[in-house]
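Encoded as structure tokens, the structure appears first; notes follow it.
No lab work stands behind these numbers, since they all come straight from the coordinates. This one's a predicted model, so the numbers in the text were calculated from it and none came from an experiment. Every residue, glycine as well, gets a Cβ built from its backbone with ideal geometry; the counts of neighbours run over all protein chains shown.
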Amino acid sequence: MKIYDSDIRSLLFQSFLEIDDYIGCEDTIVINELDVCSGISRADIVVINGKMHGYEIKSSQDNLSRLSQQMQSYNRIFDTMKIVASESHIQHIIDLVPDWWGLLCATKCQGEIKLETIRAGLRNESVDYKSVASLLWRDEMLELLATHTGTLKGYKSKSRFDLSGIIADIIDTTIIEDYVRSSLKARSTWRAVRLQQLGDDLHRM
């Protein structure tokens, strides 16, 4: 039987409410469809708390033609990465994705869909901070630079691409991580939801 993206997405949302690292952080947010690396790729689900956690879904309706490009993008951005795939894709995906990626298999038995952990995953040790900085809007980049350099001289005329490189070159990586996470959480016009609200919504369904 076919397993759809919406089936997997719903199960993932439910599973987030059982992860201590997620529910233990009051301002954890869940974002559907986050563009990364200047729109080269789009992560299906992103969870942001003290880290950035990416989730890629490959349902039985999907093919794997874009996975190589997506891997390159996600490897630059996320502290942890999990790919959640239907059983038909699992063997191919195991041979493709890096060892630090987590891997979950979606199976259907007697009409019920379950997620089975094939590989838990590890922390990404090769985050690219220029790519992380590129998640910021231009005004957010300028605010970060002004805060940590005391001036905007020479920065206002720069493109977002150039600004992200400058940020990565002159600002400590821990500061970049904290600022990007807090900026994404603070956006008001954003397709994100607090984990607590997500849980309330699911309980009402």
Item to check | Extreme residue, surrounded by the most Cβ atoms within 10 Å (Cβ to Cβ), among residues of the range 65-121 that are in contact with a Phe, Trp or Tyr (Cβ under 7 Å, 6 or more places away or on another chain) and not small (Gly, Ala, Ser) | outcome: ILE83
Next on the checklist: If I filter the range 1-43 down to residues being small (Gly, Ala, Ser), within 26 Å of GLU87 (Cα to Cα) and within 17 Å of the chain's Cα centre (by Cα), which single residue comes out as surrounded by the most Cβ atoms within 10 Å (Cβ to Cβ)?
Outcome noted: ALA43
Checklist entry - Of all the residues that make up the range 9-50, how many are basic (Lys, Arg) and without any contact (Cβ under 8 Å) to a residue 40 or more places away in the chain? => result 1
Next on the checklist: Among the numbered criteria (1) more than 19 Å from TYR179 (Cβ to Cβ); (2) touching a residue at least 24 places away in the same chain (Cβ under 8 Å), which one does GLU140 miss?
Outcome noted: (1)
